[in-house]
1. Being surrounded by fewer than 19 Cβ atoms within 10 Å (Cβ to Cβ), more than 11 Å from chain A (Cβ to nearest Cβ), over 25 Å from residue A:293 (Cβ atoms) and modelled with pLDDT of 95 or more, is that true of even one residue in segment B:148-161?
2. Just the residues that are within 9 Å of chain A (Cβ to nearest Cβ), open to solvent by 20 Å² or more (accessible area, probe 1.4 Å) and over 14 Å from residue B:44 (Cβ atoms), please, taken from segment B:80-106.
3. Within segment A:198-218, can you find the residues that are out of contact with any Ser or Thr (no Cβ under 8 Å at 6 or more places or on another chain), assigned to a helix (DSSP H, G or I) and not small (Gly, Ala, Ser)?
4. The conditions are (1) touching a residue at least 24 places away in the same chain (Cβ under 8 Å); (2) within 21 Å of the chain's Cα centre (by Cα); (3) farther than 20 Å from residue B:189 by Cα, and residue B:302 fails exactly one of them. Which is it?
5. So which residues in segment A:176-193 are open to solvent by 10 Å² or more (accessible area, probe 1.4 Å) and farther than 14 Å from residue B:92 by Cβ, if there are any at all?
6. Could you grab me the full set of residues in segment A:113-126 that are surrounded by fewer than 18 Cβ atoms within 10 Å (Cβ to Cβ) and touching a residue at least 40 places away in the same chain (Cβ under 8 Å)?
7. Take the residues of segment B:291-306 that are open to solvent by 10 Å² or more (accessible area, probe 1.4 Å) and in a helix (DSSP H, G or I): which is nearest to the other protein chains (Cβ to nearest Cβ)?
8. Which numbered condition in (1) in contact (Cβ under 8 Å) with a residue 40 or more places away in the chain; (2) under 20 Å from residue A:104 (Cα atoms) is the only one that residue B:14 fails?
Amino acid sequence: MTQSSDAEVRPAAAPVRGNGGRLGNRIFRGISTSSGVLILVILAAVAAFLLYRAWPALTADTSAFAEVDFMMDRSLWAWVLPLILGTILSSVIALIVAVPLSLGIGLFISHYAPRRLAQFLGYMIDLLAAIPSVIFGLWGIQWLQPLVHPLFAWLSTHLGFIPIFSDYQAPARNIMTAGLVLAVMIVPIITATIREVFLQTPRLHEEASLALGATRWEMIQQAVLPFGRSGIISASMLGLGRALGETMAVLMVLSPGYAVNFLLLQPGQHQSIAANIASHLPEAGADGVDALIASGLILFAFTFAVNLVARWIINRRAEFSGAN
Amino acid sequence: MAVAAPPLPVRRHRRLPRWAPPVTLLASLALAAGILALFGQVTLGGLFALGALCYAVAITVLSRVVEGPRWAKDRLATALVTVAFLLAVIPLITLLGIVVGDGIQQFSWEFLTTDMVGVFGSMASGGAFHAIIGTLYVTGIAAVIAIPLGIFTAIYLVEYGQGRLKRGITLLVDVMTGIPSIVAGLFAYTMFLVVAGPDYKAALIGGVALTVLMTPLVVRNVEEMLRLVPNELREASYALGVPKWLTIVKVVLRTSIGGITMSVIIALARIIGETAPLLITVGIVQSVNWNAFDGRIATLPVYVYRQYAQGGPSADRAWAGALTLIIIVMLLNLIARLISRYFTPKVSR
């Protein structure tokens with residue numbers, strides 16, 4: 001495609017006299033374009049290598065995994081299904097906690113806090129995103145786990161008749177705690193997008209609303225939230241994508257298990273795909289590695305789809321945005 | 001969309017005086033402290049939760065009586081939004097608090113300059129020198145590949161790209177920022193498994209894994225910086241007969257060099273704490289491995305994880321390692337901030 005679009009470049013770029021710049025242009029353009037293409041190649045390579053190693057596991061029957069101790073004589077799908085459930089469960093918990101929180105933070109920064117303070121506060125929230133996940137794991141064990149213990153105990157004794165709250169067992173190394181740690185980790189990602197969208201709300205909409213005598217909250221309901229709806233959805237999906245793939249926090253906080261149930265407060269019931277890979281890959285034999293890579297491929301496809309849809313919504317929205 | 005009825009123009013609204021919210025807040029906190037003291041213990045968390053609840057109820061009721069239901073709703077929303085924000089800051093503060101508090105005990109010059117050779121069982125000595133070297137190697141390899149690749153891709157997207165290829169790359173780079181780190185690790189692991197066989201272990205594998213994570217970050221941030229360069233500068237350069245590539249190098253890149261450096265450092269800070277991909281690719285060792293192309297290597301995040309998993313006195317080393325990691329990340333972020341403040345050209349927006 002280098003030749004095809006050269007014509008558009010030349011009138012602006014070529015010097016008036018001589019060809020001194022043309023070779024340089026070609027080379028520079030070539031390097032830039034191939035860098036862009038290389039990124040696509042890397043992404044394709046990720047999928048290709050995973051698929052190549054996962055293929056034997058995906059097509060094998062149960063007997064092939066008899067020697068893989070962590071699969072406990074199950075077929076690949078019987079083994080992966082609880083993991084998929086655990087992954088989704090922890091992410092959904094994280095999302096339920098994080099989205100309202102992020103909405104509040106986004107609104108606070110964009111419409112409540114004074115301008116200068118808002119910048120600083122935005123920076124504070126961004127700092128959360130910079131903290132390594134392994135440290136969130138430590139924090140989850142050391143600080144969050146003892147903190148939620150009385151709350152979980154209370155839930156289990158008083159609301160235990162609801163299945164999801166029953167059978168709490170201390171210590172709180174359960175999927176709920178893992179979900180809460182994940183929630184803290186995805187808040188900055190969701191907030192960043194939401195804040196951006198809220199700041200783009202057309203000023204005239206807001207002023208029109210206020211001029212009609214609306215309170216600040218009514219103005220937000222009438223102007224900001226409807227304008228930002230698709231942004232909120234895609235931000236949540238970005239957060240979901242992150243939560244699905246987060247490894248260390250789940251690995252450190254959750255006591256793993258392969259059950260299919262919704263006992264959110266009982267340890268030893270669930271495990272996520274990512275944490276499962278991290279805990280078993282270093283010691284796995286060849287068949288085990290194939291199975292783990294197959295589970296990784298499933299995770300990759302899943303997060304890829306979620307992120308793709310989220311980005312698609314964002315991009316589609318940008319064209320209609322009243323702000324430009 | 002239904003617009004609420006305009007307010008009655010004749011009568012001015014009765015509003016709560018300015019001092020009402022802070023006074024209500026203090027009263028709520030006092031009430032919460034009282035209730036907690038009655039039931040045994042006053043904890044900071046309990047005080048915050050109960051105080052916030054009391055405040056939200058009190059201000060809403062007060063406002064409803066004095067100002068009417070619409071303003072009461074507004075007061076309630078303000079309270080909830082503020083609480084949401086404070087809730088998000090709590091993890092940050094407690095996290096920094098416990099990492100510094102627990103990490104400072106073992107953290108010393110000796111910790112930074114010794115490795116784990118000859119440290120057994122309950123011995124309290126030993127440090128993270130080997131892990132720091134390993135982290136430098138792995139992130140260094142990632143940086144060497146990801147920085148040029150990312151910058152040139154950003155140049156393509158801003159200066160050359162058009163049509164479907166540009167849209168495709170933009171979309172996929174965005175999607176790539178969401179790749180789980182463990183998948184990036186699996187990719188590097190699998191690639192070297194296929195290409196070099198199962199026995200090959202090296203820092204290089206971890207570096208490749210981090211490259212997959214770092215490149216999209218560099219592209220997105222640098223792209224943003226290049227877009228900030230005003231078109232007038234490019235046009236002025238073309239008008240003087242400067243070829244396009246020289247314009248990019250001498251005008252566009254030079255104008256945004258501060259921003260580009262900042263983007264790169266922020267991307268580095270992001271990947272330097274990645275644990276999962278390194279856990280499965282490079283593992284952990286006890287001593288310094290000076291060779292990036294052969295043998296396992298220790299890295300700081302994996303060191304923290306493994307030391308914590310061992311428990312006992314190792315946990316102290318884990319916290320000291322975590323403190324080291326946080327200091328590095330914060331330093332990088334600080335440097336990036338300073339660079340952006342002093343070197344980025346002022347662009348009116």
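1. no
2. B:80, B:82, B:83, B:96, B:102
3. Scanning segment A:198-218 gives A:203, A:204, A:205, A:206, A:207, A:210.
4. Evaluating residue B:302 over (1) touching a residue at least 24 places away in the same chain (Cβ under 8 Å); (2) within 21 Å of the chain's Cα centre (by Cα); (3) farther than 20 Å from residue B:189 by Cα leaves (3) as the failure.
5. Passing the criteria: A:176, A:180, A:189, A:192, A:193.
6. Across segment A:113-126, the qualifying residue is only A:126.
7. B:305
8. (2)
The values are calculated or read from the model by the stated rules, or taken from the named source; none is laboratory data. Every value quoted in this text rests on a predicted model; they were computed, and no experiment measured them. For neighbour counting, all protein chains shown are included, and Cβ atoms are generated from backbone atoms with ideal geometry for every residue, glycine included. Surface accessibility is based on the protein's heavy atoms, side chains included, excluding ligands, DNA and RNA. Shrake-Rupley method; radii C 1.70, N 1.55, O 1.52, S 1.80 Å.
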